[in-house]
1. Is one or more of the residues making up region 483-493 on the phi > 0 side of the Ramachandran plot and either assigned to a helix (DSSP H, G or I) or out of contact with any Lys or Arg (no Cβ under 8 Å at 6 or more places or on another chain) (or both)?
2. Could you grab me the full set of residues in region 59-77 that are surrounded by fewer than 16 Cβ atoms within 10 Å (Cβ to Cβ) and among the aliphatic types (A, V, I, L, M)?
3. Would you pick out the residues in region 87-141 that are loosely packed, with under 12 Cβ neighbours inside 10 Å and either at positive phi or not charged (D, E, K, R) (or both)?
4. Only residues that are closer than 19 Å to Leu319 by Cβ and over 20 Å from the mean Cα position of the chain (by Cα): list them for region 332-354, please.
5. For the condition in a strand (DSSP E or B), away from the ligand (no atom under 16 Å from the Cβ) and touching a Pro at 6+ places or on another chain (Cβ under 9 Å), what is the one hit in Val218, Val183?
6. Does Arg164 satisfy being basic (Lys, Arg), within 21 Å of Pro226 (Cα to Cα) and more than 37 Å from the chain's Cα centre (by Cα)?
7. Anything in region 199-215 that is over 17 Å from Asp189 (Cα atoms) and within 11 Å of the ligand (Cβ to nearest atom)? List them, or say none.
8. Can you name the condition, by its number, that Ala80 falls short on among (1) crowded, with 16+ Cβ neighbours inside 10 Å; (2) closer than 30 Å to Phe30 by Cα?
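Quick note: the coordinates plus some simple rules give every number you see, no bench work behind them. Fair warning: this is a prediction, and the values are worked out from it, not measured in the lab. Note that we place each Cβ from the backbone using ideal geometry, even for glycine, and neighbour counts take in every protein chain shown.
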Amino acid sequence: MKKVRVRFAPSPTGPLHLGGVRTALYDYLFAKNQGGDFVLRIEDTDTARYVEGAEDYIMEALEWCGIIPDESPKHGGKFAPYRQSERREIYDKYIAEILTTEHAYLAFDTPEELDEVRKEFEQRGDVFAYNYITREKLKNSLTLSKEEVQNLLEQKVPYAIRFRMPIDRTLNLEDIIRGKFSVNTNTLDDKVLVKNDGMPTYHFANVVDDHEMEISHVIRGEEWLPSLGLHYLLYEAMGWEKPQFAHLSLILKPEGKGKLSKRDGDKFGFPVFPLSFKDPETGNISKGFREEGYLPEAFMNMVALLGWTPAEDREILNLDEMAAEFDLQKVHKAGARFSKEKAEWFNHEYLKTKGDSEILTLLKNTVDIDLKKMSDAQLLKIIALMKERATFIKDIYTESKFFFEAPTTYNEKAVKKAWNESTANSLNDFCDYLANASFAEGTLKQELHDFAETKGIGMGKLMMTLRLSLVGELKGPEIPDILEILGKEESIARIKNALNNIH
Ligand code: GLU
């Protein structure tokens, strides 16, 4: 059997959308499941839509996601180059071939002329298509004489090369996810294969490269489904065996209707790109899952389940586990709805299984956080205490800010509830008691009990006043844990401070 080779073929026209990430992931999972290769090919023939930095962005995003290509512009490979702009000679060779077999023709119509015709059609309420009917009346090598064509070529008049769509043929197409369907060629137009600047279009370069790079399976977004007929015919015209195709459904808005867009993200406060991206022209910055604090493993797990359900409805799977059971036949035909809550749930699930020291490293790499006041030992204790409640790494810090900054104000309501005339006495006593306590790990709970008992104070009351003194309000983890992390000196200082400030 032919080796399975799958490619992800993005165009560097901007940052990768969530849908693009999922395509790359399914490409990768399928290839790995089949013991095949995963290839990254950059489709940059459309110079007008080229965006500076987009290619680097794509590579960095894939790397962050852990989807590492076997072959790519960066990794090289047997079929290099992997950037279409560097493969012009290959396309030129095949274009010459398709012209000789008369499956394509030269079209000399200028954009202005075509606009004119388009307007005429519109005035009649029709939509213009360059197709098997209109081509008979336009300026191309099918209607012009050989001499006229020769003349135009000698005068270096620019021309496009168009595919000559066969007339009234029923094409039987097949898609792994969607099954069989057919299309009549009369509904298809004569697509441009090479533009008048000599650059091949997506359709031609894509088919040539899939053939040249021995791609066995084309897995891509459903927006390419309408091109499948043309691609079948291009393979046929070139006499090449075609790959198998699978078109993935859209990722839908949270409410379920319509394609998920960047605007939805802005509106509901979630990113739609893996990494943040600064548009080089407008300077606008788009949010990224990485910068929002998502762990790449959680992000990948979430993306994988947008359109695929693993066996036994399992939800938590790492890349290798996903690859082991990924099956294109099980990819959903219907669109998958994105859910911010689900994305956060995945992150929480992954975060709580991480080791404390790994989280410490991640926390230290989180920007805008100043951890310097705490030792690593203290930070590790805070992490152990807080990670179960955190969705994102930074929550560990924001939810435990009171460890880093002593309270300067005290919640009024809580003061009313917790403080009375006897509080000062018992807290002063407690400070003296604390000064002699051992603070050895795990002993403070007992110490607190002993103190409350000897002084005849209720535990609940004591805890409340301590919480107020240490945190500034009635929230946070258990008091013995707070005391232990803050240490003797800081704990006593905070209690004294509260005594000076609360009356
Ligand atoms: N360059 C196309 C894109 O931007 C690739 C489509 C395909 O995979 O055939 O999505």
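1. For region 483-493, residues on the phi > 0 side of the Ramachandran plot and either assigned to a helix (DSSP H, G or I) or out of contact with any Lys or Arg (no Cβ under 8 Å at 6 or more places or on another chain) (or both): present.
2. Residue satisfying the conditions is Ile68 alone.
3. Passing the criteria: Ala96, Thr100, Thr101, Glu102, Pro111, Gln123, Gly125, Val127, Ile133.
4. Within region 332-354, Thr353, Lys354 qualify.
5. Answer to the check: Val183.
6. yes
7. Within region 199-215, Ala205, Asn206, Val207, Asp209, Asp210, Ile215 qualify.
8. Checking Ala80 against (1) crowded, with 16+ Cβ neighbours inside 10 Å; (2) closer than 30 Å to Phe30 by Cα, the one that fails is (1).
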